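To keep things clear, I will list the structure first and then write my remarks on it.
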Amino acid sequence: MSQTAVAPFHSNDERTELWVDDEVDLSEWYLSQPWADGLPVVPPTPEKVAAMVSALGGEPQFVECKIPPRWGSLTREVLAINLVLAGCKVEYAPVVRAALLAMTEPQFNLNALQASTHMAAPLLVVNGPVRKAIGMNAGCNVFGSGNRANATIGRALRLVMLSVGGGIPGELDKATLGHPGKYTYCIAENEEGSPWAPYHVDRGFAPEESTVFVIAAESPHSVTNHVANDPQGILDSVASAMSTIAHNTAVAGGPCAIVMGVEHAKMIAAEGWTRSDVRNYLWMYSGNTFDELSFGHRYGKVYNRNLPRWCRRTPDSRIPIVARPEDLHLFVVGGAAGRFSAFIPGWGNYAVPVIRPIDTSKAAPDAPSCVDGTCTL
Amino acid sequence: MPQRVYDPKGLVDVLTKQLARRLENLDGLRLAVLDNTKWNAAKLLDSVVVLLSEKIRFSQINRYKKETFTKPAAPELIRDIAANNDIALIAIAD
């Protein structure tokens, strides 16, 4: 196989084109690239890329943001290429863009997340009318598999993180284990099945707005409870899942997520409990003792000098899993049947999750603003 | 007939920077020690300072601490270190 030397695209210049011989199997060629995620891609064509650029508002060389740690410029054309590779439909494009803009806000700290030895990956939760408009799954098997929108939106984020961001495993991505969410990790909240107002409404958005929420997250830990039919019984199981010394939220603090199954949520809400009641209960009744967290000082006198100074360091002191109830991000997801929920630990107090509206119009976003080397435009 | 392929990586705007001049003699210099707050970072750095001090006579050893190991040192911390020291000892680890 021979291949024309690769040259980068140049902003405002005529695009440099890449060609391979006609006997090259394009699927194999893309799979062999260093940024590949290990799964086959959809080979882009000029028509497919143009359709995606149009869905993003035209202006192919417009830079939406820069993706760390490589700080590659995510032009609309580059984003379009990644969207096609991932298998996205054109109607998914605004959702993916909104998620990437959220992830490149400075407080999300994508630079460090990409390089971390911890397994965390961005979990994307979508709210609002866009879920149904583009055919997302919020019900049965919400975490997978089987839904093109969920699967390819999440995959597009990862391909951008690999290619534009350079977060290639073993190179800049040093995660010891990774987790399956590093292929794709995208869900929609089951607003229709939820007894409460949607997550984004709780955060101050109108129900008719559509939003993306991103949080650095471990994989879901199932909470099985087929016995309790009251808030305390169900939530004691969730608190139990939270109260281990093993996950990163216990070790490093910060935000985490609770995904509540529909059956559990309805039982809790039937007793008049609100989202706030659930968060407060879980914050209050989850935790580990300092003795458990510090291994009884078996490894030295000083345990984790990053533990907040307001935590008592006596053996039987309770160390909360989250510093405040607002660090618990609660979603109602999944199918109508099955008394399951899940606890999803976060990455630590290194990053703040971001919620952002989805711009489904084709108007260009506002003027650029760059902080800490990350530019959102 | 050749087939077109696409590069999804995008360009990187590269800033060319010069490395600081290498010093030949470290005796009499002011040493900054930057703790990134990782677990055991301070122990590692302190041990290295002890070993270095057996061979090098630093005029000062100034200790600094980052706010978090997940982000670069704040610009004002870097300016402080540069203004008050001649060389810096840092460590990157997990």
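The values are calculated or read from the model by the stated rules, or taken from the named source; none is laboratory data. Keep in mind that this is a model prediction, so the values were computed, not measured. FYI the Cβ positions are ideal-geometry reconstructions off the backbone, even for glycines, and counts take in every protein chain you see.
Highlighted here are the strands (runs of 3 or more DSSP E) found entirely within region A:319-376 that include at least 2 residues which are at pLDDT 95 or above: A:328-332, A:340-344, A:354-357.
Listed residues B:Ala32, B:Ala41; which is at negative phi and within 14 Å of another protein chain (Cβ to nearest Cβ)? Give the steps one after another, and end with the answer.
Values: B:Ala32 fails: within 14 Å of another protein chain (Cβ to nearest Cβ).
Just a single option satisfies the conditions, and that option is B:Ala41.
For A:Trp71, only one of the following conditions fails: (1) within 24 Å of A:Glu59 (Cβ to Cβ); (2) buried (at least 24 other Cβ atoms within 10 Å of the Cβ). What is its number? Failing condition for A:Trp71: (2).
For region A:127-170, a residue qualifies if it is out of contact with any Leu (no Cβ under 7 Å at 6 or more places or on another chain), touching a residue at least 12 places away in the same chain (Cβ under 8 Å) and farther than 19 Å from A:Glu189 by Cα, and the qualifying residues are A:Arg158, A:Met161, A:Leu162, A:Ser163, A:Gly165, A:Gly167. Against the conditions (1) buried (at least 22 other Cβ atoms within 10 Å of the Cβ); (2) farther than 30 Å from B:Asp13 by Cβ, A:Ala121 satisfies every one except (2).
What are the residues in region A:127-143 that are in contact with a Ser or Thr (Cβ under 7 Å, 6 or more places away or on another chain) and either under 21 Å from A:Gly261 (Cα atoms) or of a type in the set (Phe, Trp, Tyr) (or both), if any? Before the answer, list the steps.
So the first thing to find is which residues in region A:127-143 are in contact with a Ser or Thr (Cβ under 7 Å, 6 or more places away or on another chain), and the list is A:127-130.
Within region A:127-143, A:Asn127, A:Gly128, A:Pro129 meet the criteria.
Looking only at region A:148-185, which residues are of a type in the set (D, E, K, R), more than 14 Å from every other protein chain (Cβ to nearest Cβ) and surrounded by fewer than 17 Cβ atoms within 10 Å (Cβ to Cβ)? Break it down stepwise before answering.
Taking region A:148-185 first, the residues of a type in the set (D, E, K, R) are A:148, A:155, A:158, A:171, A:173-174, A:182.
Next cut, more than 14 Å from every other protein chain (Cβ to nearest Cβ) only: A:148, A:182.
Selection gives A:Arg148 alone.
Flag not set for A:Val278, criterion: within 30 Å of A:Ala93 (Cβ to Cβ), more than 14 Å from every other protein chain (Cβ to nearest Cβ) and of a type in the set (A, V, I, L, M, F, W, C).
Within region A:27-49, the set of residues being loosely packed, with under 15 Cβ neighbours inside 10 Å and not in a loop (DSSP other than H, G, I, E, B) comprises A:Ser27, A:Glu28, A:Leu31, A:Pro46, A:Glu47.
One residue is enough: does region A:55-71 have a residue meeting the conditions out of contact with any Leu (no Cβ under 9 Å at 6 or more places or on another chain), in a strand (DSSP E or B) and within 11 Å of chain B (Cβ to nearest Cβ)? Spell out how you get there, then give the answer.
To start, the set of residues in region A:55-71 that are out of contact with any Leu (no Cβ under 9 Å at 6 or more places or on another chain) comprises A:57-61, A:71.
So of that shortlist, the ones also in a strand (DSSP E or B) come out as none.
No, because not a single residue in region A:55-71 is out of contact with any Leu (no Cβ under 9 Å at 6 or more places or on another chain), in a strand (DSSP E or B) and within 11 Å of chain B (Cβ to nearest Cβ).
From the list A:Val251, A:Val201, A:Val214, which one is under 24 Å from A:Asn109 (Cβ atoms) and outside the structural domain of A:Ile319 (by TED's automatic domain parsing)? Steps first, please.
On the way: A:Val251 fails: outside the structural domain of A:Ile319 (by TED's automatic domain parsing); A:Val201 fails: under 24 Å from A:Asn109 (Cβ atoms).
Step by step, each of A:Val251, A:Val201, A:Val214 is checked, and only A:Val214 is under 24 Å from A:Asn109 (Cβ atoms) and outside the structural domain of A:Ile319 (by TED's automatic domain parsing).
Considering each residue of region A:298-318 in turn, at least one proves to be surrounded by fewer than 18 Cβ atoms within 10 Å (Cβ to Cβ) and on the phi > 0 side of the Ramachandran plot. If you go through region B:66-93 and pick out every residue that is surrounded by 12 or more Cβ atoms within 10 Å (Cβ to Cβ) and either in a loop (DSSP other than H, G, I, E, B) or in contact with a strand residue (DSSP E or B) (Cβ under 8 Å, 6 or more places away or on another chain) (or both), you end up with 19. Out of B:Ser59, B:Ser47, which single residue is touching a Gly at 6+ places or on another chain (Cβ under 8 Å), more than 30 Å from A:Glu77 (Cα to Cα) and exposed (fewer than 12 other Cβ atoms within 10 Å of the Cβ)? Checking each option against the conditions leaves just B:Ser59. Looking at this structure, is B:Ala42 of a type outside the set (D, E, K, R), in contact with a helix residue (DSSP H, G or I) (Cβ under 8 Å, 6 or more places away or on another chain) and either assigned to a strand (DSSP E or B) or surrounded by 13 or more Cβ atoms within 10 Å (Cβ to Cβ) (or both)? Taking the combined requirement at face value, the residue does not satisfy it.
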